[in-house]
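Participant: Mind looking over this structure? Questions follow.
Just so you know, all these numbers are worked out from the coordinates, no wet-lab data involved. Every value quoted in this text rests on a predicted model; they were computed, and no experiment measured them. Glycine gets a Cβ as well: all are built from the backbone with ideal geometry, and neighbour counts include every protein chain shown.
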Amino acid sequence: MRLMYHADELPTPSVTGMQLPDAFTLLSNHNLYPRVLREIEDSDIPSGTILSQTPAPSTYIKPQQSVFLVISKPAPAPRAPNWINASKKTILSQAQARNIRVKLHYLPSIYPSDHCFAQHPTPNNIVTDSTMVVYLSAGNEKPVLLPNFKQLTVREAREHLANQPIAIHTTHTSPTYAHDCEDCIIIDQRPLAGSLITLDETKPLQLNLQVIYQP
């Protein structure tokens, strides 16, 4: 009975480093059953590559038994962070942490020098080839038109002018109780909307807003 049912052991074939279909074929030819035990993300190795196996190569195993495989799979494509208004230093630091290559281009802009004013891909979109294109402000001494802030809240005006060399000063049309002026409505401004202004980080523009309290 022992002679009839005894199965000789054989050394486990080495499939480490092979692609999954080739490993399946080799193991099947030896009457062994391949089983995928786990997948590990690795962008530097082709997807479906055998990273390790159990039993180890050359370990004796009986036919009809399983060989458990750990294989590689691609890491999910990164999504673009929001770098609008971010400084060059911040962008390069975050890009290194996320393994994103950055191509920098300088263009004239009203944004502060060395700050991002446009990017591709746009925020939260997939970064193909792990590469992003970032447009940084080279500064701009040309006059620009001052926007119209009437009917906006003070908070909205501040958000619109974030990171701009503009200092906001508010005055009320009539005395009011102590309150948070951020929700007050702008009814007039100086300089006027449409005025040509030159933005200079060393000499912030004084923007005077006349506001009305909204309880």
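Participant: If you take the charge dipole of segment 2-73 about its Cα centre, with +1 on Lys and Arg Cβ and -1 on Asp and Glu Cβ, which of Pro46, Asn31, Thr12 is farthest toward its positive end?
Facilitator: Result: Asn31, furthest along the dipole toward the positive end.
Participant: Tell me which lysines have Cα within less than 25 Å of Lys150's Cα, excluding those fewer than 8 residues away on the same chain?
Facilitator: Lys142, Lys203
Participant: When the chain is fully extended, how far beyond the present Cα-Cα distance does Ala138 get from Ala162, taking 0.36 nm per residue of separation?
Facilitator: Going from the current span to full extension adds 6.9 nm.
Participant: Compute the orientation-averaged projected area for the chain from the convex hull of its Cα atoms and round it to one decimal in nm².
Facilitator: Its Cα hull, projected and averaged over all orientations, spans 20.6 nm².
Participant: Could you compute the FRET efficiency for Thr173 and Val102, with r as their C-beta to C-beta distance and R0 at 41 Å, rounded to 0.05?
Facilitator: Numbers: r = 48 Å, r/R0 = 1.18.
Once rounded, the FRET efficiency stands at 0.25.
Participant: Continuing with the same structure: With charges set only on the Cβ (+1 for Lys and Arg, -1 for Asp and Glu), what does the dipole of the chain come to about its Cα centre, in debye to the nearest 20?
Facilitator: Details: 17 positive and 18 negative charges, 38 e Å.
In debye, rounded to 20, the chain gives about 180.
Participant: Work out how much length Ser113 to Tyr60 would gain on full extension: take 0.36 nm times their residue separation and subtract the Cα-Cα distance, in nm to one decimal. Walk me through the intermediate numbers first.
Facilitator: Values: separation 53, 0.36 × 53 = 19.08 nm, distance 6.70 nm.
Full-extension gain reported as 12.4 nm.
Participant: May I ask for the net charge around Asn208, where only other residues with Cβ less than 10 Å from the Cβ of Asn208 are counted and Lys, Arg are +1 while Asp, Glu are -1?
Facilitator: Here the charged neighbours net out to 0.
Participant: Assuming 1.567 mPa s and 4 °C, estimate D for segment 2-73 with Stokes-Einstein, Rh taken as the Kirkwood radius over Cα pairs, in µm²/s.
Facilitator: Numbers: Rh = 12.6 Å.
Estimated via Stokes-Einstein, D reaches 103 µm²/s.
Participant: May I ask you to evaluate 6.51 cos²θ - 1.76 cosθ + 1.60, the Karplus curve with θ = phi - 60°, for each residue of segment 119-125 and list the ³J(HN,Hα) values in order in whole Hz, giving x for glycine and proline?
Facilitator: With the stated coefficients, segment 119-125 comes to 8, 9, x, 6, x, 6, 8 Hz.
Participant: Something else: For the chain, take the longest principal axis of its alpha carbons; what is the angle in degrees between that and the long axis of helix 20-29, to the nearest 10 within 0 to 90?
Facilitator: Here the helix axis deviates by roughly 10 degrees.
Participant: Can I ask one more? Where does each of Lys73, Lys89 land when they are ranked from fewest to most other beta-carbon atoms within 10 angstrom?
Facilitator: Lys89, Lys73
Participant: Using only the alpha-carbon atoms of segment 144-212, report the extent along each of the three principal axes, biggest first, to the nearest angstrom.
Facilitator: 35, 20, 17
Participant: Here is a follow-up. Once both axes come from the Cα atoms, what is the angle between helix 88-97 and the longest principal axis of the chain, in degrees from 0 to 90, rounded to 10?
Facilitator: 20
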